[in-house]
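The block underneath contains the structure these notes are about, expressed in structure tokens.
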Amino acid sequence: MELLRPSSVDELDGGLFIHGGTEVVPLLRDGIVRAETLVDVRGVVPRGVTGGRIGAGTTLAELEADARVPDALREACRLAASPQLRNMSSLGGNLLQSTRCWYWRLKFPCRLHDGERCHAADGEHREHAIFGNDYCASAHPSDVAAALLALDGRVRTTRREIALAELYRLPDEADRRMTTLEPGELILEVEVQPPAASTYLKAMDRKRWSFPQVGVAAARTGGGTRIALAGVAPVPWLLDGPEDVERATPLPRTAWKVDVARALVRRALAELG
Amino acid sequence: MKLVINGDEHEVDAPVGASLAAVLRERLGLTGTKIACNEGHCGACTVMIDGVPVLSCITLAHSVEGEVTTIEGLRDHPLVDAFVRADAVQCGFCTPGQVVSAAALVAARPTPTEEEIRHAMAGNICRCGTYPKIEEAILHWRD
């Protein structure tokens, strides 16, 4: 294995991108991803906050402490992972993290590993999805993605600019991918317009350092209020409105998440006033 | 590769993919840094890079650009004595990582509140459950 350290977008030419390494290194070590060439993109990806533009190389720890960042995003960063992980992990990498589904992480031949069934749907799935779960029942773990989805963030890559919602896709039989990024495409920046008010609430197994059971982000702008959820679907999940919680399709042992989502949505909207 | 650790420069030969924790322990004999989970969960392997606590078990040694501080570099830090005074150690395996995280905290906030301590120390798991003593040690680190 080799490690390249390009200093500009023009030098990018294949390989597996790595920034903070908090996701890629464990996946490499477990043999879930493989690479001959690692490409350290820290010299390529912008870092820092300029107006509404946030460099994708900004760490979660930096965002957590930046008063210019909307409340929902700042709180999502503060409640994510552990201090050391927030010091290491980049915004862009956080958006692209893989599911914590234990069947996938333990390399069961599930649909995301090009297998023929979802092991979680028939197996242990207490922490799995309540929306969009008929093909793959995994739950997307990113607090930050839910916050940015509620904030209607936009993503600039090396090739295009898209709404954050367009970064993700539900996997299906024809295409098992969970994002719309093409091979070699790299997230450079995220753009967020300041909302009138925003918040992020998170239910966890313990009070700190835990992935979301259910995370609820809400943001109010002149155009209305957007609500997005983490930990409830294979991708970050946008609700049409608070009543949309009732359209959940829980698995036998994820029905409790519907109750948690309903309560957190109510509290989040109350906070926005 | 060249690494600057606790102020000393080291020339190290290791394959790409080797973790900083493995290089510290196996190539440089700096065994104060512990490896427990080896997958970024527990915080036992915490070191600082340019003063910022990171997990050396999932840091690729070849990607390190800044100066590394390990527990060996904090030998004379008052926190070490504070941990002993507060009896904040049971088995002691997590303690090096705890002290590194705590040292970064008190460098940024010399008089942290209990809430600040709990927030900053949340990534260091102690299976013996010495958390109240660790909090006490950090609250009184300069006494």
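Before anything else, pin down the relative contact order of chain A: Cα pairs under 8 Å, at least 6 apart, normalised by residue count, whole percent. Mind dumping the intermediate values first?
Details: 594 pairs, mean separation 51.4, N = 273.
So the answer I get is 19 percent.
Just how far, in whole angstrom, is the range A:142-206 from the range B:19-70 if you go by their alpha carbon centroids? One Cα centre to the other: 31 Å.
Between B:Gly97, B:Gly66, B:Gly123, the residue with the greatest mean-square fluctuation in the GNM of chain B (Cα pairs under 10 Å linked by springs) is B:Gly66. Computed from label points 7 Å out along Cα-Cβ, the spacing between B:Asp143 and A:Arg47 is 3.8 nm.
Roughly how crowded by other chains is peptide B:55-62, in terms of the mean Cβ count from those chains within 10 Å of each of its Cβ atoms?
Working: counts 9, 1, 3, 12, 6, 9, 1, 6.
What the average comes to for B:55-62 is 6.
Short-range pairs are left out: with C-alpha atoms under 8 Å and at least six residues apart, the relative contact order of chain B is 25 percent. Taken residue by residue and averaged, Cβ atoms of other chains lying within 10 Å of the Cβ of A:76-88 number 6.
The label point for A:Leu4 and the one for A:Arg159, both projected 7 Å from the Cα toward the Cβ, are 1.7 nm apart. Backbone geometry of the range A:189-203 corresponds, through the Karplus equation with coefficients 6.51, -1.76 and 1.60 at θ = phi - 60°, to 3J(HN,Hα) couplings of 8, 10, 10, 9, 7, x, x, 5, 7, 7, 7, 9, 10, 9, 9 Hz, x marking Gly and Pro. Across the range B:74-139, Cα pairs under 8 Å and at least six residues apart give a relative contact order of 50 percent.
Using a cut-off of 24 Å between Cα atoms, the listed pairs A:Lys257/B:Lys133; A:Lys202/B:Lys34; B:Lys2/B:Lys34 include A:Lys257/B:Lys133; A:Lys202/B:Lys34 as exceeding that distance.
To the nearest 10, the accessible area of B:His62 is 40 Å² with a 1.4 Å probe. Given a 1.4 Å probe and the protein chains as shown, B:Cys126 ends up with an accessible area of around 10 Å². DSSP assigns beta bridges within the protein assembly as shown; of those with both partners inside it, close to 80 percent run antiparallel.
The values are calculated or read from the model by the stated rules, or taken from the named source; none is laboratory data. Note that the coordinates shown come from a computational prediction; the quantities given were computed from them, not determined experimentally. Here Cβ is always computed from backbone atoms with ideal geometry, including for glycine, and neighbour counts include all displayed protein chains. We work out accessible area using only protein heavy atoms, side chains counted, and drop any ligands, DNA or RNA first. Shrake-Rupley method; radii C 1.70, N 1.55, O 1.52, S 1.80 Å.
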